[in-house]
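Beneath this line is the structure, given in structure tokens, with notes to follow.
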Amino acid sequence: QVQLVESGGGLVQPGGSLRLSCAASGSILKINTMAWYRQGPGRERELVAQLTSGGTTNYADSVKGRFTISRSNAESTVYLQMNSLKPEDTAVYYCNVHMLLHGHLFGADYWGQGTQVTVFS
């Protein structure tokens, strides 16, 4: 099977930075799109940033210029560098990876366990 292990969340003051990591492991044949979503209090889960296998990135308007998504050279870990954090960035952040596993015909979405990011004054 497959595991997605997230790390890097925490408490930070406005204007601060955090770096989230999500490492994929298991019987992976191919990783396609990697992304970060978040769900704030009383809100629906929303796409924050996305990175395709071809290197194309896509960001929510609210984080453009502040957040950067990237992946490791081995391409099994996705990062989210978050700078100039604001209180409205407070949420549980989830990584999402679309990948094809050995023995499977089609790819599927897999989710990390979520990591809390709290931005407070």
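The values are calculated or read from the model by the stated rules, or taken from the named source; none is laboratory data. None of the values given here were measured: they were computed from a predicted structure. In this analysis, Cβ positions are derived from the backbone assuming ideal geometry, glycine residues included, and neighbour counts consider all displayed protein chains. Only protein heavy atoms, including side chains, enter the accessible area calculation; ligands, DNA and RNA are left aside. Shrake-Rupley method; radii C 1.70, N 1.55, O 1.52, S 1.80 Å.
Estimated at the nearest 10 Å², the accessible area of Glu75 is 90 Å² with a 1.4 Å probe.
Remark: accessible surface ordering of Thr90, Thr57 (largest first) is Thr57, Thr90, probe radius 1.4 Å. Applied to region 37-46, the Karplus parametrisation 6.51 cos²θ - 1.76 cosθ + 1.60 on θ = phi - 60° returns per-residue 3J(HN,Hα) values of 10, 9, 9, x, x, x, 10, 7, 5, 10 Hz, with x for Gly and Pro. Each of Gln81, Asn58, Thr115 was scored by the projection of its Cα onto the charge dipole of the chain, and the greatest displacement toward the positive side belongs to Gln81; charges sit on the C-beta of Lys, Arg, Asp and Glu. The GNM of the chain, with springs linking C-alpha atoms under 10 angstrom apart, assigns the highest mean-square fluctuation among Pro14, Pro87, Pro41 to Pro41. Shown in residue order for region 28-35 are the 3J(HN,Hα) couplings computed by the Karplus curve 6.51 cos²θ - 1.76 cosθ + 1.60 at θ = phi - 60°: 9, 8, 8, 9, 9, 7, 10, 8 Hz (x for Gly and Pro). Sequence-ordered 3J(HN,Hα) estimates for region 106-120 from the Karplus curve with 6.51, -1.76 and 1.60 and θ = phi - 60° stand at 10, x, 8, 8, 10, 10, x, 7, x, 9, 7, 10, 10, 10, 9 Hz, glycine and proline given as x.
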